[in-house]
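Each remark here refers to the structure printed beneath this line.
Only the coordinates and a few stated rules stand behind these numbers; no lab work does. Quick caveat: nothing in here was measured; it's all calculated off a predicted structure. Positions of Cβ are backbone-derived with ideal geometry, glycine not excepted, and every protein chain shown enters the neighbour counts.
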Ligand SMILES: Cc1ncc(COP(=O)(O)O)c(C=O)c1O
């Protein structure tokens with residue numbers, strides 16, 4: 001099995017190495033300018049194992065929307081996971097990996113007609129719905145679909161509430177929809193719910209599983225024999241957050257309400273598998289000191305740092321996912337702390353990553369690290385204002401690599417071993433595509449490029465002086481015209 005369809009190698013890290021050390025090594029080269037992710041694929045592998053161990057009755061159908069990096073999808077497909085797809089595009093992505101259509105749930109309760117037709121033509125039969133209009137559409141476009149009714153049951157503490165958009169009321173609407181499906185002669189097979197993403201209210205799973213069990217009973221009274229319970233997503237994924245409590249609630253509720261049945265139970269975890277696997281490194285490219293306006297005291301009151309990732313890129317999660325990023329300066333927190341803000345690279349004043357945070361004095365060319373950047377980040381990035389999407393450097397610890405390769409037949413030639421500079425791609429931008437790189441001029445001999453003759457003489461004077469090292473050392477990606 002190949003875990004990637006590009007030539008990018010996965011770096012196997014020697015004992016003691018961490019994503020943070022990889023970041024430091026790339027940065028210490030002095031020639032990396034663009035932000036980049038370090039993606040620990042071993043983390044996804046371990047979390048998959050943990051999920052099926054902690055909830056043995058629950059089969060995970062990974063929510064592709066959370067992070068559709070090919071390496072994640074390929075690994076999970078090989079481990080036997082199913083997939084939750086929200087659109088024709090996601091369905092194609094998963095079918096393209098060779099996954100059986102029966103291992104996909106089309107879990108978007110409101111589907112465009114062409115996507116529904118596509119599901120019918122590719123044999124993707126399992127799908128969710130929560131309203132009558134969807135039932136009529138399905139009757140017309142995919143009458144042999146296996147339907148799962150999505151009910152609403154919201155967590156009281158949650159990062160993203162999904163119930164305001166999807167899920168019918170279990171008491172007042174669900175019975176009517178079950179009867180409507182029966183009337184239309186549709187194959188209704190079960191109940192689903194999503195308690196909300198980033199759930200901080202474990203008991204909600206018991207409430208939702210109980211509500212679902214009541215509807216299993218009701219459906220039996222109108223002639224259905226439900227076979228599927230889909231407990232959705234919501235499992236927290238950041239470092240230090242545990243699945244234990246939710247797993248205990250789910251297992252007990254399944255025993256209590258579905259104990260003596262052979263109902264198939266699935267879940268749609270997204271962030272749990274991927275959030276902590278990605279660490280983002282960003283570089284400060286500009287800085288503004290806001291001073292007291294007082295004539296007698298012009299001290300700095302606030303520092304604004306501009307970095308090369310913002311809300312139009314990875315930090316879209318600040319807006320859409322209600323994520324609170326934690327900026328870790330790679331040089332540490334030593335020294336006097338000053339009220340600061342962190343801004344993205346675009347010209348939009350909305351492009352703010354952190355409004356008010358205490359930071360030590362940092363310079364242009366210094367770096368921040370942000371952990372837990374794997375969920376809903378890369379999938380929703382834009383290149384607004386011409387800023388590129390950060391690239392991904394994939395790593396795995398030797399220990400995880402041994403475990404993974406003892407279970408899966410992965411091609412060894414896609415891995416590089418050890419921490420030699422060439423493996424870290426020091427001096428080059430890290431990427432997941434086939435980048436065409438030439439040895440940067442600045443690496444051959446650190447010279448400052450002269451501006452054109454039309455420049456003002458002051459600029460020429462300035463340029464002949466020794467420039468700050470960070471300006472000299474960065475790699476020029478594009479040829480200068
Ligand atoms: C239908 C559905 N399933 C699963 C998920 C994944 O949720 P999470 O990342 O909280 O596990 C989402 C997230 O929006 C979703 O909409």
Just how far, in whole angstrom, is the stretch 135-203 from the stretch 337-390 if you go by their alpha carbon centroids?
-> 37
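Calculate, in nm to one decimal, what residue 220 and residue 289 gain on full extension: separation in residues at 0.36 nm each, minus their alpha carbon distance. Display every interim value, and only then the final one.
Values: separation 69, 0.36 × 69 = 24.84 nm, distance 6.81 nm.
The span from residue 220 to residue 289 would gain 18.0 nm if fully extended.
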Angle in degrees between helix 398-407 and the longest Cα principal axis of the chain, rounded to the nearest 10 = 30
Pairing the Cα long axis of helix 70-79 with the longest principal axis of the chain, what angle in degrees results, from 0 to 90 and rounded to the nearest 10?
-> 40
With -39,500 (n - 2.57) per DSSP H segment of 4 or more residues and division by the full residue count of the chain, the 222 nm estimate, nearest 500 deg cm²/dmol, is -8500 deg cm²/dmol
PRE reach from residue 227 (point 7 Å along Cα→Cβ): which of the stretch 52-85 fall under 13 Å by backbone N?
-> none
Any idea what angle helix 132-141 forms with the longest principal axis of the chain, computed on alpha-carbon atoms, 0 to 90 degrees, nearest 10?
-> 90
How many percent of DSSP beta bridges within the chain run antiparallel, rounded to 5?
-> 35
Based on the alpha-carbon gyration tensor of the stretch 41-269 and its eigenvalue square roots a ≥ b ≥ c, which shape applies: rounded if a/c is under 1.5, prolate if not and a/b is larger than b/c, or oblate?
-> oblate
